[in-house]
Amino acid sequence: MPWFKNLIKISKTITNQSSSYKSITPLASPLLTQFLQFTKQYSTNDHVVGLEATKSDQKPRIVVLGSGWAGCRLMKDIDTNIYDVVCVSPRNHMVFTPLLASTCVGTLEFRSVAEPIGRIQPAVSTQPASYFFLANCNAIDFDNHMIECETVTEGVETLEAWKFNVSYDKLVIASGAHALTFGIKGVNEHATFLREVHHAQEIRRKLLLNLMLSDVPGVSEEEKRRLLHCVVVGGGPTGVEFSGELSDFILKDVHQRYAHVKDYIHVTLIEANEILSSFDDRLRVYATNQLTKSGVRLVRGLVQHVQPDNIILSDGTNVPYGLLVWSTGVGPSPFVNSLDIPKAKGRIGIDEWLRVPSVQDVYSIGDCSGFLESTGRQVLPALAQVAERQGKYLASLLNKVGKQGGGHANCAQNINLGDPFVYKHLGSMATIGRYKALVDLRESKEAKGVSLAGFTSFFVWRSAYLTRVVSWRNKIYVLINWLTTLVFGRDISRI
């Protein structure tokens, strides 16, 4: 069975690419592999095959680019009695990003934060005209309602990338954002991001490897300190949460299981301004004090250059490291930049109903989209709660359009879309280690509201995220992992 052999080889592939939208998932479906073989056998003389435009007696086709918070929430709520669903993404699962930092040190296992697309929307696995394609979208032909795709096959020697087209009746661009490096030399080559499961796997692998290497006879004191120096760049929620998890791991597990090197391992968090700048001032001070008590060294500075074993700050300070985690926010991806449509602060410009007004039947949600200036609205922050709420709203809107007969291409011009999308911020949360967390329930930085810190906030943080995990299967995984960690400690030996 050739497709099964290809599947096995894809499953063994691990990528270390830094781009969130260009990363490869370690698993591919047999359905995709069969589609690729069909494409290779029947494409000749540069003719690219794919999914043709739907006919009037067929269900309209909605194509979703991306498998993040926004795209997955939309696919979960879309009515598959009205639409056929096609998802195109280089990742065949959704990542529950708020808990990703916990997987790096063994608090949670990787399967706890990954939900397969087929479980979120079973139609892509069971219905004859709905699909998931492991591919990147390279271009969009807005006039002809068609996207141009290329399969993701990096690292698999026996497979070549194939190109295919997919026609759409409705297109939802939810391709996410790209990790910001600010053009600093060496970041992509030497730093590890924390946006995907394979990033967390790489961090765990490097951490364990450095612990093992530092215990080898003959390794100098200086080299031990370098190998066990974990540097985190970026003081946002992701950087702070990872620093907190790492300091917990050092205090509770390294000191017990790696006693020979326990005095060498430490964490440095580098931030250009204030950590957790979107949080209440009182919470920021509390977080700073708690991280310092946990042994995290806070450094204010700008990274100028990243080298294989050290980073150089703008004031000339040389900081050696064994593990470098980069978490400085997100920006537009190369794919979004390539689209010839109006932008809002680099993102795809949308109106109040999340439509791309310059083209027909195209919508955009999540981190890749932003309200146009003509709407009079601010561009929303790149948060999971924004993306999820947009996905839920757009699914309801498209279901309404489909029920009124506007599901097919160019058929929704005269349909009343109802109320526009309205976002209300529910607050922010972050864990800082040692069973402590921050909960900021203000609607904005300037508004008044409830702010909590300490163990109560930690309980709220864990309870809130446990309820947000997509499936009961993953809820059980997360709960068991947390209880096991509480009783027996973390285990990073399972890579």
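With respect to A409, determine if the residue is surrounded by 18 or more Cβ atoms within 10 Å (Cβ to Cβ), of a type in the set (A, V, I, L, M, F, W, C) and either in contact (Cβ under 8 Å) with a residue 24 or more places away in the chain or assigned by the TED database to the domain that holds N81 (or both).
Values: surrounded by 18 or more Cβ atoms within 10 Å (Cβ to Cβ): yes; of a type in the set (A, V, I, L, M, F, W, C): yes; either in contact (Cβ under 8 Å) with a residue 24 or more places away in the chain or assigned by the TED database to the domain that holds N81 (or both): yes.
Yes: the conditions hold for A409.
Would you mind stating whether G155 is modelled with pLDDT under 95, on the phi > 0 side of the Ramachandran plot and assigned to a loop (DSSP other than H, G, I, E, B)?
Values: modelled with pLDDT under 95: yes; on the phi > 0 side of the Ramachandran plot: yes; assigned to a loop (DSSP other than H, G, I, E, B): yes.
Here the answer is yes, as G155 does meet what is asked.
Return a yes/no flag: does the range 432-444 have any residue that is at pLDDT 70 or above, assigned to a strand (DSSP E or B), among the charged types (D, E, K, R) and under 19 Å from V240 (Cα atoms). Before the answer, list the steps.
Keep residues of the range 432-444 that are at pLDDT 70 or above, which gives 432-444.
Imposing the further condition that a residue be assigned to a strand (DSSP E or B) reduces the set to 432-433, 436-440.
Next, only the ones that are among the charged types (D, E, K, R) stay: 436, 440.
Next, only the ones that are under 19 Å from V240 (Cα atoms) stay: 436, 440.
Yes - at least one qualifying residue is present in the range 432-444.
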note = Among L354, L313, L298, the single one that is over 27 Å from R61 (Cα atoms), modelled with pLDDT of 95 or more and in contact with a helix residue (DSSP H, G or I) (Cβ under 9 Å, 6 or more places away or on another chain) is L298
note = Matching residues in the range 58-112 (touching a His at 6+ places or on another chain (Cβ under 8 Å) and either in the same structural domain as V478 (by the TED database) or more than 21 Å from L383 (Cβ to Cβ) (or both)) number 1
Pair list, Cβ under 6 Å, 6 or more apart: the range 321-349 residue on the phi > 0 side of the Ramachandran plot, other residue of a type in the set (A, V, I, L, M, F, W, C) = G329/L180; K345/V379
query = For the subset of the range 382-403 comprising residues that are of a type in the set (S, T, N, Q) and modelled with pLDDT of 95 or more, which member is farthest from V285 (Cα to Cα)?
reply = N399
task = Give D281, D263, D253 a once-over and let me know the one that is surrounded by fewer than 21 Cβ atoms within 10 Å (Cβ to Cβ) and within 24 Å of P381 (Cβ to Cβ).
result = D281
Among residues of the range 100-115, those that are over 12 Å from N474 (Cα atoms) and among the hydrophobic types (A, V, I, L, M, F, W, C), counted = 4
remark   = Here the qualifying pairs (Cβ atoms under 7 Å; residues six or more apart or on different chains; first in the range 55-74 and under 17 Å from I147 (Cα atoms); second outside any loop (DSSP other than H, G, I, E, B) and of a type in the set (D, E)) come out as R61/D84
inquiry  = Against the condition among the β-branched types (V, I, T) and in a loop (DSSP other than H, G, I, E, B), how does V386 come out, does it pass?
reply    = no
query = Considering the range 58-86 alone, what residues qualify as being surrounded by fewer than 24 Cβ atoms within 10 Å (Cβ to Cβ) and among the charged types (D, E, K, R)?
reply = K59, K76, D77, D79, D84
request  = Go through Y264, Y258 for me and flag whichever is in contact with a Leu (Cβ under 7 Å, 6 or more places away or on another chain), more than 29 Å from D315 (Cβ to Cβ) and in the same structural domain as D315 (by the TED database).
outcome  = Y258
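The values are calculated or read from the model by the stated rules, or taken from the named source; none is laboratory data. Here the structure is a predicted model, which is why all the values come from computation and not from measurement. Note: ideal-geometry Cβ built from the backbone for every residue, glycine included; neighbour counts use all protein chains shown.
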